[in-house]
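One structure is given here, and the rest of the page talks about it.
What follows is calculated from the coordinates using simple rules that are stated; it is not laboratory data. As the structure is a computational prediction, the values presented were derived from the model and not from experiment. Note: ideal-geometry Cβ built from the backbone for every residue, glycine included; neighbour counts use all protein chains shown.
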Amino acid sequence: MSEAENKSTDQATGNASNQTGSAGGSASQVAAGAAGSVSFHLDQILQKRLLAAFIDLVLVGVVSSILILISVFILPNILSSLFSFFVFMAAAVVVLVRDMPYKLGELDGQTPGKKAMNIRVTDLQGNPITLKQSIQRNAILAMPYVVSALGSLFAMIPIIGIVGTLLIVMPLMLITFVANCYEIYRIYSGERNRRWGDEFAGTIVAWE
């Protein structure tokens with residue numbers, strides 16, 4: 001083979017290598033860009049979920065606290081404790097069913113917090129979730145209200161109530177606190193920001 005032919009072959013090989021490298025680099029850039037876009041999207045969902053949860057928590061907590069505070073001033077101790085029990089149980093029910101399909105004014109299967117953040121809960125196929133799924137995904141979040149209701153019942157019993165509060169209510173409240181903290185951790189660490197309740201119910205929080 002002549003020297004000219006060798007040079008031509010080397011140039012062709014070099015051009016092919018450069019094209020291959022360029023294609024590989026472009027593919028890597030596209031993959032990196034897609035991964036960055038997904039990561040940014042999940043971060044946005046995470047921020048919106050936390051803000052929505054804060055709004056909903058404040059709404060339920062403030063309404064419950066106002067009602068209980070009023071009962072303390074206008075009702076006898078036993079009746080006030082009984083009223084508190086029903087308020088806490090009502091709050092627990094609201095938390096359990098809050099993501100079920102319903103239409104209430106501007107709210108269409110969304111809590112006020114989720115409506116404000118333009119997100120909603122769906123199943124993994126993007127369909128509205130059922131009442132059963134709503135209860136499953138929110139069971140852990142409703143536990144503090146159920147335990148508080150139990151504490152209200154114990155408050156009606158003079159001596160046994162104190163013992164029950166120390167031996168039953170306080171440990172249960174600690175367990176619910178740890179469980180809810182783990183749920184928050186799972187929002188950060190879980191796949192697609194799905195917490196324990198989402199995995200159990202087969203749900204996900206998505207853009208509206």
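Spin-label pair Y185-K132: with each label point 7 Å from Cα along the Cα-Cβ axis, the two points sit 3.1 nm from one another.
Note that segment 60-73 has calculated 3J(HN,Hα) couplings of 5, x, 5, 4, 4, 5, 5, 4, 5, 5, 4, 5, 4, 7 Hz, one per residue in order, obtained from phi through the Karplus relation 6.51 cos²θ - 1.76 cosθ + 1.60 (θ = phi - 60°); glycine and proline are x.
Cβ neighbours within 10 Å, averaged per peptide: list 138-150, 188-200 in order, most packed at the top.
Numbers: 138-150: 20.3, 188-200: 16.4.
So the order, starting with the most tightly packed, is 138-150, 188-200.
Under 5 Å from the amide H of I119 lie the amide H atoms of E208, each residue being 5 or more positions distant or on a separate chain, with H modelled from the backbone and absent for Pro and chain starts.
Rounded, prolate or oblate, given the Cα gyration tensor of segment 44-207, with a/c below 1.5 counting as rounded? Spell out each step's value before the answer.
Working: a/c = 2.51, a/b = 1.74, b/c = 1.44.
It comes out prolate by the Cα gyration axes.
With contacts taken as Cα pairs under 8 Å and at least 6 residues apart, segment 44-207 reaches a relative contact order of 28 percent. With θ taken as phi - 60° and the Karplus curve 6.51 cos²θ - 1.76 cosθ + 1.60 applied, the whole-hertz 3J(HN,Hα) list for segment 144-150 is x, 5, 5, 5, 5, 5, 4 Hz, x standing for glycine and proline.
Basic side chains Lys and Arg get +1 at the Cβ, acidic Asp and Glu get -1 at the Cβ, and with that the dipole of segment 44-207 about its Cα centre reaches some 240 debye.
Farthest towards the positive end of the charge dipole of segment 49-182, among the residues T176, S152, T130, is the Cα of T130, using unit charges on the Cβ of Lys, Arg, Asp and Glu. Taking each residue as 0.36 nm, the span from V178 to I159 lengthens on full extension beyond its C-alpha to C-alpha distance by 4.0 nm. Computed from phi, the 3J(HN,Hα) profile of segment 122-137 under the Karplus parametrisation 6.51, -1.76, 1.60 (θ = phi - 60°) reads 9, 7, 5, 9, x, 8, x, 8, 8, 4, 4, 5, 4, 5, 5, 6 Hz, with x in place of Gly and Pro.
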